[in-house]
Amino acid sequence: MANNGADVKPNQGVGATNTSTTTNTAENTVGTATPKQNGLAVLGKHVGVSSTQTIVEYATFAILHLIGVPSQVSNGIAVVCSATYNFVMNRNVTFKSSSNFTRSVALFVLLWGWFAVAFAIMAVIAFAIIGMQRAMSSTTRQNTHGNHHDNILSQRGYHRADISRQRIGGI
C-alpha cells in the first residue's frame, strides 16, 4: 500500500509510514478523566471547601462573641474571614488557578466592593419604601377613623351638621 504522506509524523520523510498503533489499555487511560468525572471531582472539592468555610465562619463568630466582641462586629469579621478562606481555597484547591494572584485578589476585592454598594442602594430603597408605607398607613388610619365616625352617624340618620346644630341651640 502506498503512503501519500497523510499520516506522516513531523520527523519522518514523505516515503515513511506510520507504524505506531494505539491500543486501549489501562496504561493509556490512567490519569485521564471524562468531563463528567472531572466535573464531579470539582463539585466534590467545591462542596468540601464550602463546608469547611461554614465551619470557619461559625467558629470565628463563636470565638469573637465569647471574648466579648459585639455580635454585629463578630459577624462582620467572621464573614470576611470565611470569604477570604473560600477565595483562597477555591483558587488553590478546587480550580487550581495559576493566574496572577494579585490580579485575582484585586478582582475579588472589587467584586466585594460592588456587592457592598449594591447592598447599600437596596437598603436605602427598602427603607424609603417602608417609610412611605408607614406614612401612608398612618394617613389612612386617620382618614379611616374620621370616615368610620361619619358612617356610624349616617347610619343612625344623623350628620355632623345636625349634631352641631342640636348642641348649639337645637335648631
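Read-outs: derived from the displayed coordinates by stated rules, not from any lab. Quick caveat, the model's predicted, so the values are computed rather than measured. Neighbour counts run over all protein chains shown; Cβ positions are idealised from the backbone, glycine included.
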Response to the item:
Simple spin-label estimate for residue 112/residue 51, 7 Å along Cα→Cβ, in nm, reads 2.6
Worksheet, complete the sentence: A chain fully extended from residue 65 to residue 88 at 0.36 nm per residue, minus the present Cα-Cα distance, gains in nm 5.8 nm
Worksheet item: Order of 71-80, 118-127 by packing, highest average Cβ count within 10 Å first?
Response: 71-80, 118-127
Worksheet entry | Inter-site label distance for residue 137 and residue 72 at 7 Å from Cα along Cβ, in nm | 2.3
